[in-house]
Amino acid sequence: MIGFKKVKEGLVEIFAPDVKIPEEGKKYGFYNPRMKMDRDISVAILSVFKDKFRKSSEISICDLMGGTGIRGIRYKKEVGGNVVINDINKNSVELIKKNVLLNSLDIKVESEEARFLLHKYRSSKNLFDFIDLDPFGSPATFIDSVAICLKDFSLVGVTATDTSLFGLYPKTCLRKYGVISFKSPFYRELGTRILLSFLIREFARFGKALQPILSYSILHYIRIYAISKNSIEECNKVLDKFKDISEDMKRFRLNIGKGINIYCGELHNKNFLLDVSERLKEMGSEGIKITNLASTELDNLFYFDIAWEAKKNKIRKMPSLNKIIEILLDKGYDASRTIFCSTGIKTSADIEVIQEILKD
Ligand SMILES: C[S@@+](CC[C@H](N)C(=O)[O-])C[C@H]1O[C@@H](n2cnc3c(N)ncnc32)[C@H](O)[C@@H]1O
């Protein structure tokens, strides 16, 4: 048996397993303090979504895999609305109920297999304005159930902690997401785009167009927030942004052969993110670093990892990233930092131009 400790996060307080590493508490209610920043971002995005699009109506929120219930409890306290928190693990459900009581909130706690819960809600015509899907590992097998349980013009947040997306297990990635991955210096963006491509195609099957708000990858995970809109026309527009990336890969000196067809459009809604950054600033959250970077990132496909290039070319002392960006802009190229890599640059310049700058 393990003990429990009180943890403060955002405007709430919860009981979480008193363990050294989150995995040790998995059986009793999974809680990872390192994901606080991501939960702050979720709260901020939901809050902006509500202010922009659901000002005059009650919002219905589903925290599909609650763990301790921290997400759903924060949504209720910090944003408001009708909240359902679900988990398949009976111990988790007990803990979620205890945490809901601790915060004196009115939240419905369910104890179902996620897909079953969604189909149950759908069959009684109770669709959601926001579904947060935060599984262990891959979200792939839950996406169709999530898609059909969302209202028109609603919000979805999806986490993946799946290394097959990062190019380590190409065949696994093909099996789960329909795209063969490959090793690359920009593996975080590639994995994020493969996941987003999968989400877009799955939603499109139901005539739902997914428009990304924020897509990023740090630590061990990828997280995507998007708006789902019922529209065949919009679906077709998003699907038009898919293309075979074999030609593009030549810029990065990668020969991958034809057949890797992924979403190459924008990864973020920069206007929306300006408001999210404001909200995160009010919350005093580190998450603002992510949203600020995303709002200034170019939409170009992939990035050069400058540290990796410098190492490959045996360059010991390289200019700062800001300096390199300044030089590229002076030369007439576009250039920006990227959300995916602290030493990465997105630019229209070719690798030779970057190598010249590094050698100067
Ligand atoms: C990563 S944890 C959730 C963490 C939580 N959202 C947070 O932010 O702290 C994943 C949770 O999903 C639950 N889970 C796994 N498979 C499930 C399923 N098929 N249906 C419902 N819950 C499931 C697990 O019991 C676990 O509590």
Based on other C-beta atoms within 10 Å, arrange TYR333, TYR303 from fewest to most. TYR333, TYR303
Add -39500 (n - 2.57) for each DSSP H run of 4 or more in the chain, then divide by its residues: what number comes out at 222 nm, to the nearest 500 deg cm²/dmol? -12000 deg cm²/dmol
Over segment 171-250, what relative contact order in percent results from Cα pairs under 8 Å that are six or more residues apart? 23
In terms of modelled amide H atoms, which long-range or inter-chain residues lie less than 5 Å from the amide H of GLU112? ASP87
Assertion target for GLU94, GLU309, ordered by fewest C-beta neighbours within 10 angstrom first, is GLU94, GLU309
Ranked packing of 124-134, 292-302, most packed first, by mean Cβ within 10 Å: 124-134, 292-302
Sort 163-171, 221-229 by the packing proxy (mean of other Cβ within 10 Å over each peptide's residues), most packed first. 221-229, 163-171
Could you put CYS264, CYS235 in order, starting from the residue whose Cβ has the fewest other Cβ atoms within 10 Å? CYS264, CYS235
A student applying the Cα gyration tensor rule (rounded when a/c is under 1.5; otherwise prolate if a/b is larger than b/c, oblate if not) would label segment 183-269 oblate
Connecting every pair of Cα atoms under 10 Å apart in the chain and solving the GNM, the largest mean-square fluctuation among LEU199, LEU95, LEU219 falls on LEU219
In the structure displayed, which of LYS6/LYS270; LYS151/LYS243; LYS97/LYS120; LYS176/LYS241; LYS120/LYS237 lie more than 26 Å apart, Cα to Cα? LYS6/LYS270; LYS151/LYS243; LYS120/LYS237
Applied in sequence order to segment 7-22, the curve 6.51 cos²θ - 1.76 cosθ + 1.60 (Karplus, θ = phi - 60°) yields integer Hz couplings, x standing for Gly and Pro, of 10, 9, 8, x, 9, 10, 10, 9, 8, 9, x, 8, 10, 6, 10, x
Among residues other than TYR169 whose Cβ falls under 14 Å from its Cβ, what is the net charge (Lys/Arg +1, Asp/Glu -1)? +3
Is segment 304-359 best put as rounded, prolate or oblate by its Cα gyration tensor, with a ≥ b ≥ c the root eigenvalues, rounded for a/c under 1.5, and otherwise prolate when a/b is larger than b/c, oblate when not? oblate
Run the numbers on segment 4-296 and let me know its relative contact order in percent, using alpha-carbon pairs under 8 Å that are six or more apart. 14
Estimated vicinal HN-Hα couplings, Hz - segment 175-189 in sequence order (Karplus 6.51, -1.76, 1.60; Gly, Pro = x): 5, 7, 10, x, 9, 7, 8, 8, 6, 7, x, 10, 4, 5, 6
Quick note, segment 228-324: a/c under 1.5 would make it rounded; otherwise a/b > b/c is prolate and the rest oblate (a ≥ b ≥ c, C-alpha gyration tensor); here it is oblate
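None of the figures in this text is laboratory data; all of them are computed from the coordinates on show. Keep in mind the model is a prediction, meaning the values are calculated, not measured. Note that each Cβ is placed from the backbone with ideal geometry, even for glycine, and that neighbours are counted across all protein chains shown.
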